[in-house]
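**Student:** My structure is below; once you've seen it, I'll send some questions.
The values are calculated or read from the model by the stated rules, or taken from the named source; none is laboratory data. These numbers were taken from a predicted model, which means no experiment stands behind them. When we count neighbours, we look across all protein chains shown, and the Cβ atoms used for this are built from the backbone with ideal geometry, even at glycine.
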């Protein structure tokens, strides 16, 4: 488990808002956080998504660690294959985006996500954070499949895994140098024989994760000691 932390907390600053987020959101959150004195961001490894059953305990450990000094605690996670189910709110309570996965955050709202999902259900999304960390299909194949099964089987495996997708969509969140990331995304599309599309992301959801407001329509508010349940998002 690899944990990195960005803190904008000034010397002597007390009770910051602490955001515990997946590292995939680092380009977007860092760009918006700037040098403000009242926000601390803790990033957790993207690889946790490969073992979602282990996510709640890791996220809980971070929550417990900041409970002693945080003024407010916010998660930068959606439901993520039930990866936050079972998380217990600290004494400050816990604010959680009311979304199924992080793609909604990159697109800006559930309404936009629902629209693009129903219009193009066979879409594989990439974001700057995923590509920078080589979590794109080709990067994943090279790091995970290739050492285990050799190139021929690895290439067959990743193509088979994504055979039902029709297009690769790169979300440009205006938070990173897109040219090298765009090149990698296009390589994925060519290799997998998918249509390549690039769309503009939105920063609104990330802005609210950092600074609020946190309306009930878009955020879950757990009371101190309350435990996150799947139904809190599934019922939306």
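**Student:** For residue 150, work out the one condition from (1) part of a helix (DSSP H, G or I); (2) in the same structural domain as residue 213 (by TED's automatic domain parsing); (3) surrounded by fewer than 18 Cβ atoms within 10 Å (Cβ to Cβ) it doesn't fulfil.
**Tutor:** Exception for residue 150: condition (2).
**Student:** Return only the number of the condition from (1) part of a helix (DSSP H, G or I); (2) without any contact (Cβ under 8 Å) to a residue 40 or more places away in the chain; (3) closer than 30 Å to residue 40 by Cβ that residue 182 does not satisfy.
**Tutor:** Checking residue 182 against (1) part of a helix (DSSP H, G or I); (2) without any contact (Cβ under 8 Å) to a residue 40 or more places away in the chain; (3) closer than 30 Å to residue 40 by Cβ, the one that fails is (3).
**Student:** Shifting gears a bit: Out of the residues in the range 113-139 meeting the condition of being in contact (Cβ under 8 Å) with a residue 12 or more places away in the chain and over 19 Å from the mean Cα position of the chain (by Cα), tell me which one is surrounded by the fewest Cβ atoms within 10 Å (Cβ to Cβ).
**Tutor:** Here the answer is 122.
**Student:** Inspect the range 126-136 for any residue being closer than 15 Å to residue 194 by Cα, in contact with a strand residue (DSSP E or B) (Cβ under 8 Å, 6 or more places away or on another chain) and outside any loop (DSSP other than H, G, I, E, B) and give the result as yes or no.
**Tutor:** For the range 126-136, residues closer than 15 Å to residue 194 by Cα, in contact with a strand residue (DSSP E or B) (Cβ under 8 Å, 6 or more places away or on another chain) and outside any loop (DSSP other than H, G, I, E, B): present.
**Student:** Given the criteria in a loop (DSSP other than H, G, I, E, B) and free of Cβ contacts under 8 Å to residues at least 24 places away in the same chain, does residue 224 qualify?
**Tutor:** Here the answer is no, as residue 224 does not meet what is asked.
**Student:** Now, a different point. When you look at residue 202, is it more than 22 Å from the chain's Cα centre (by Cα) and either touching a residue at least 40 places away in the same chain (Cβ under 8 Å) or within 30 Å of residue 71 (Cβ to Cβ) (or both), yes or no?
**Tutor:** no
**Student:** Please enumerate the residues belonging to the range 43-79 that are touching a helix residue (DSSP H, G or I) at 6+ places or on another chain (Cβ under 8 Å), surrounded by fewer than 20 Cβ atoms within 10 Å (Cβ to Cβ) and either part of a strand (DSSP E or B) or free of Cβ contacts under 8 Å to residues at least 40 places away in the same chain (or both).
**Tutor:** Correct list: 49, 54.
**Student:** So which residues in the range 190-207 are surrounded by fewer than 18 Cβ atoms within 10 Å (Cβ to Cβ) and either assigned to a helix (DSSP H, G or I) or in contact with a strand residue (DSSP E or B) (Cβ under 7 Å, 6 or more places away or on another chain) (or both), if there are any at all?
**Tutor:** Residues satisfying the conditions are 190, 191, 195, 196, 197, 198, 199, 200, 204, 207.
**Student:** Filter the range 80-119 for residues that are in contact with a strand residue (DSSP E or B) (Cβ under 6 Å, 6 or more places away or on another chain) and part of a helix (DSSP H, G or I) and give the result.
**Tutor:** Correct list: 103, 106.
**Student:** Name the one entry in 187, 142 that is assigned to a helix (DSSP H, G or I), free of Cβ contacts under 8 Å to residues at least 40 places away in the same chain and not assigned by TED's automatic domain parsing to the domain that holds residue 20.
**Tutor:** Just a single option satisfies the conditions, and that option is 142.
**Student:** Just give me the residues in the range 64-84 being modelled with pLDDT of 95 or more, under 17 Å from the mean Cα position of the chain (by Cα) and more than 12 Å from residue 219 (Cβ to Cβ), in sequence order.
**Tutor:** Passing the criteria: only 73.
**Student:** Quick check on residue 122: is it over 24 Å from residue 26 (Cβ atoms), touching a strand residue (DSSP E or B) at 6+ places or on another chain (Cβ under 9 Å) and at pLDDT below 95?
**Tutor:** yes
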